[in-house]
Amino acid sequence: MRLLAPWSALSAEDRALLRRRLRTPVLTFLALLALLAVNVTLGATLPFPQVWVVELLVVAVMVALILLVSMEVIHEPPLVRLFSVLGFFWVAIMIGMTLTDYLAR
């Protein structure tokens, strides 16, 4: 049994289905790469003193993309969405507390 067929061996319907199914993950990946490039550029150039606010907004958009698209939370019931957002918020609090501990020493 062949697991991966070459592109030419697929029927037109299968190719269309493959394109439809891969469109969202590929676009999400490209968006995350673009946002990472924006964040790295802002961090390397420091165009203005409060650049960290913009960097945090970029990171928030990246987290939202990961939550909604990669983890497919967008297709879940509201209670699952709530707890997934709370989980990420809790992780952010724990990282913030750890950074505060390290930076205060």
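The values are calculated or read from the model by the stated rules, or taken from the named source; none is laboratory data. Note that the structure is predicted; figures quoted are calculated from it, not measured. Glycine gets a Cβ as well: all are built from the backbone with ideal geometry, and neighbour counts include every protein chain shown. When the accessible area is computed, the model is the full protein with side chains, heavy atoms only, and any ligands, DNA or RNA have been set aside. Shrake-Rupley method; radii C 1.70, N 1.55, O 1.52, S 1.80 Å.
List of remarks:
- Near pairs, Cβ below 8 angstrom, 6+ apart or cross-chain, from the stretch 1-13 (in a loop (DSSP other than H, G, I, E, B)) to any residue that is at pLDDT 80 or above: Leu10/Leu18
- When residues of the stretch 62-79 are limited to those that are open to solvent by 70 Å² or more (accessible area, probe 1.4 Å) and among the aliphatic types (A, V, I, L, M), the one nearest to Ala34 (Cα to Cα): Leu68
- Long-range neighbours under 9 Å by Cβ, at least six apart or interchain, first residue under 16 Å from Leu56 (Cα atoms) within the stretch 24-45, second of a type in the set (D, E, K, R): Val38/Glu55; Asn39/Glu55; Leu42/Glu55; Gly43/Glu55
- Inter-residue pairs, beta-carbon under 9 Å, first within 16 Å of Thr28 (Cβ to Cβ) and in the stretch 71-88, second not aliphatic (A, V, I, L, M), 6+ apart: Met71/Ser84; Val73/Arg81; Val73/Ser84; Ile74/Arg81
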